[in-house]
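All of the numbers you see were taken from the coordinates with simple rules; none came from a lab. None of the values given here were measured: they were computed from a predicted structure. With ideal geometry, Cβ positions are generated from the backbone for all residues, glycine too; neighbour counts draw on all protein chains shown.
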Amino acid sequence: MTEAPLHADDLETLAEEFGIHEGMLDAVVEEDAHERAADRFNGGALPELDFWDAYDQVHDAADAQASRINRAGVTAQLKFLSEDCTRAALRSLLRDILAPA
């Protein structure tokens, strides 16, 4: 049985619970977008291009995606970060990145 996706209300509740404000997840979204881009690149994305052109194109797209998501706000950021994980994993990620050093 797969877990139901998190809805906007769930994400807003998480943001409140963890005290997440605008800008707090920008770097995490950018990092995640580039990790996904690396997975696509390493999986053979854009085989019609040479190595560096494919690399640049995949990572330029990741930059654009992260910028769009970050401009859309905290709920959009949490939705993006939750795409590949369970609720428990998202909560764990948020604890890890938001815990004071």
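Assorted remarks:
- Normalised by the number of residues in region 27-101, the average gap of Cα pairs under 8 Å and 6 or more apart makes the relative contact order 32 percent.
- Which label in (1) 1.91; (2) 0.99; (3) 1.03 gives the computed Rg/Rh (Cα atoms, Kirkwood Rh): (3)
- Full extension of the chain between residue 83 and residue 21 gives 20.3 nm of extra length, using 0.36 nm per residue less the Cα-Cα distance.
- Computed from the C-beta positions of residue 56 and residue 3 and an R0 of 25 Å, the FRET efficiency is 0.10 to the nearest 0.05.
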